[in-house]
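Everything on this sheet refers to the single structure shown next.
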Amino acid sequence: MMRDNPDRPLIFSVNGKPVRLTISADTPLLLALRNDLQLNGPKYGCGLGECGACTVLLDGKVARSCMLPAQVAVGREVTTLEGLGSLDHLHPVQQAFIEEQAAQCGYCLNGMVMTTAALLQRIPHPSEQQVRKALAHNLCRCGTHVEIIRAVMRAAELLSTIDTPAPVEPHTTAADAQASTTVTEGQPA
């Protein structure tokens with residue numbers, strides 16, 4: 001049986017800006033971001049949600065955009081690497097990765113940086129063990145793991161020197177709470 005899933009407008013926020021895309025609801029979020037919005041921070045890696053190259057933040061939580069249908073983003077906030085900082089004003093995580101030279105080929109960096117940003121939002125001063133656990137499902141084939149761990153610890157230091165107000169929790173409904181518990185179909189948030 002063929003599934004009828006015509007193109008329809010999907011409205012969500014990307015990097016703080018509202019977007020409206022008329023695409024099939026089951027289009028992978030990664031393809032919508034890269035092809036329709038020209039946001040190339042998230043990369044196509046394995047296509048199975050295993051390597052982390054496609055990582056974005058969905059309402060501040062790590063999500064593998066290659067595995068998520070675009071419809072999951074409707075009414076939610078998607079943050080890509082491009083939304084963390086700019087060339088003129090790098091996010092502290094981006095700055096730390098540069099300072100610690102935590103890149104070789106750079107293909108894994110999107111996932112490493114986005115996962116680090118989410119980790120430091122939850123745990124501002126993680127232990128090395130917590131960093132390793134958070135990054136365990138982000139694959140780096142070049143072997144820059146030592147530099148990446150140093151970069152995460154440096155990012156925590158940089159963030160601790162910034163005076164930022166505590167995030168305001170948005171009003172959530174029961175439906176919002178249910179939606180936020182499932183980020184990737186079949187995988188925990």
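The values are calculated or read from the model by the stated rules, or taken from the named source; none is laboratory data. These numbers were taken from a predicted model, which means no experiment stands behind them. Cβ sites come from the backbone with ideal geometry, for glycine too, and all protein chains shown count toward neighbours. Note: accessible area is taken over every heavy atom of the protein model, side chains too, but ligands, DNA and RNA are not part of it. Shrake-Rupley method; radii C 1.70, N 1.55, O 1.52, S 1.80 Å.
Starting from residues that are at pLDDT 95 or above, assigned to a loop (DSSP other than H, G, I, E, B) and in contact with a strand residue (DSSP E or B) (Cβ under 8 Å, 6 or more places away or on another chain), keep the ones in segment 42-63 and report whichever is most open to solvent (accessible area, probe 1.4 Å). Restricting to residues being at pLDDT 95 or above, assigned to a loop (DSSP other than H, G, I, E, B) and in contact with a strand residue (DSSP E or B) (Cβ under 8 Å, 6 or more places away or on another chain), the top hit is Asp59.
Of the residues in segment 107-127, at least one is assigned to a loop (DSSP other than H, G, I, E, B), open to solvent by 30 Å² or more (accessible area, probe 1.4 Å) and closer than 20 Å to Asn40 by Cα. Inspect segment 81-104 for any residue being open to solvent by less than 50 Å² (accessible area, probe 1.4 Å) and of a type in the set (Ser, Thr, Tyr) and give the result as yes or no. Within segment 81-104 (the criterion being open to solvent by less than 50 Å² (accessible area, probe 1.4 Å) and of a type in the set (Ser, Thr, Tyr)), the answer is no, since none of the residues qualifies.
Within segment 128-160, the residues that satisfy the criterion of being open to solvent by 30 Å² or more (accessible area, probe 1.4 Å) and outside any helix (DSSP H, G or I) are Ala136, His137, Leu139, Arg141, Cys142, Gly143. Contact map, segment 141-163: first residue free of Cβ contacts under 8 Å to residues at least 12 places away in the same chain, second residue surrounded by 12 or more Cβ atoms within 10 Å (Cβ to Cβ), Cβ cut-off under 6 Å, separation 6 or more or different chains; the map is empty.
In segment 10-21, the residues that are within 14 Å of Leu81 (Cα to Cα) and open to solvent by 40 Å² or more (accessible area, probe 1.4 Å) form Cβ pairs under 9 Å with partners that are in a strand (DSSP E or B) and of a type in the set (Asp, Glu), at six or more places apart or across chains, as follows: Asn15/Glu77; Gly16/Glu77.
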